[in-house]
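Please treat every number below as a calculation from the coordinates, not as lab data. Bear in mind that the values here come from a model prediction, so they are computed numbers and not experimental data. Quick reminder, even Gly has a Cβ in these numbers, built from the backbone with ideal geometry, and neighbours come from all protein chains shown.
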Amino acid sequence: MKEASYYSKQKDNIVKCELCPRLCLINPGNRGLCSVRQNIDGKLFSIVYAKPCAVHVDPIEKKPLYHFIPGARAFSIATIGCNFFCSFCQNWQISQARAEAISENFDEVLPKKVVEQCKKEKCDVISYTYTEPTIFYEYMLDTARIAKKAGIKNTIVSNGYINERSLRELCKFIDGANIDLKGFTEEFYRKNCQGRLEPVLQTLKILKEEGVWLEITNLVIPGSNDNFKKIEEMCKWIAENLGRDVPLHFSRFHPDYKITDSIATPMETLEKARKIAEKYLDYVYIGNIIGESNTICPKCKSVNIRRSMLNLIENKLVNGKCFKCNSKIAGVWK
């Protein structure tokens, strides 16, 4: 365990967690809604510190980060827990697991060891992913500090549900982020995630302001967030608040967890969403599908990077520019 970074002490040994917008008030012996931050004798502790439930090497394209060192090997880690309760979660076995016997279930892997293993696996990047990295904030931050000193880049895959103060501290050590923008109405967030949209939008703005490379994923769920008018509003908001050069990934939904009576997202829905998005954004992708997902120069329409099933096939960029017309392609290429 490690004492939490962001909390305040209240009366009667109650603590207020100030890490994410939930601002949980936690009585002695109890945990916050994420289930992994516990009040012990009037102090708040992370009970998953250095207790990863998943450690894998992935292609960076799996995050998905398409404009961040293509072909890089990402040393990916996660602990159990989440501060959202998405009915469509595709990693629900670990994100919604309850932290009942942490010490017995998972081996300790301290931040220094994570970096050592990353080097051993010849990875260029550490990615905090699979579950919500905000809930293992202290573990992530300590690891990212060591990794940065070692010349290893850090990325997060997150729902963006984090408060400004903790996010800005994290941004000092994070190089890239893919944020799940799960829908574009407060109703969708309230009903499907038991959260709010506005803090996520604020996170996106802060990441852009802090110079963290940013990409966005929108999982398109039939009958839930596939309203084309709302999709257009979302794309317009991204362009106006973050810029045309922020890559947007429309991801195909497959029935899982609590939504098993739905259908997979029809390809025609994804194609129409992409066509709408391309009016506002330069780089729009469809994910969770079989086939290629390529980076095309916005100016001359040449294919600069070819990918198939999350694997890099070809990279024709020249110093971050289109091989044909020499236009700059936004991203982190080294």
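Here is how the numbers come out for the structure above:
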read-out	value
Inter-centroid distance (Cα atoms) of the range 88-152 relative to the range 22-45, Å	21 Å
Cut-off under 5 Å, modelled amide H: who pairs with residue 332 long-range	68, 69
Reach of residue 120 by Cα under 23 Å, taken over lysines that are not fewer than 8 positions away in the same chain	51, 62, 63, 112, 148, 149, 153, 334
Residue-wise HN-Hα coupling along the range 76-82, computed from phi with Karplus coefficients 6.51, -1.76, 1.60 (Hz; x: Gly, Pro)	10, 9, 7, 10, 6, x, 6
Rel. contact order, % - alpha carbon contacts under 8 angstrom, at least six apart, the range 281-334	23 percent
Value of relative contact order over the range 156-225, rounded to a whole percent, pairs C-alpha under 8 Å and six or more apart	42 percent
Neighbourhood net charge (12 Å Cβ-Cβ; Lys/Arg +1, Asp/Glu -1) for residue 166	-1
Sequence-distant residues sharing a close amide H with residue 288 (under 5 Å, placed H)	252
Over the chain: helical MRE at 222 nm, DSSP H runs n ≥ 4 each giving -39500 (n - 2.57), nearest 500	-7000 deg cm²/dmol
Dipole moment magnitude, nearest 20 debye, the range 54-289 about Cα centre, only Lys, Arg, Asp, Glu C-beta charged	360 debye
Within the chain, percent of DSSP bridges classed antiparallel, to nearest 5	50 percent
Coordinate range along principal axes, alpha carbons of the range 1-156, Å, largest first	52, 35, 29
Positive-end residue, the range 185-334 charge dipole about Cα centroid, Cβ charges, pick of 189, 331, 281	331
As computed over the chain, the Cα convex hull volume per residue (Å³)	128 Å³
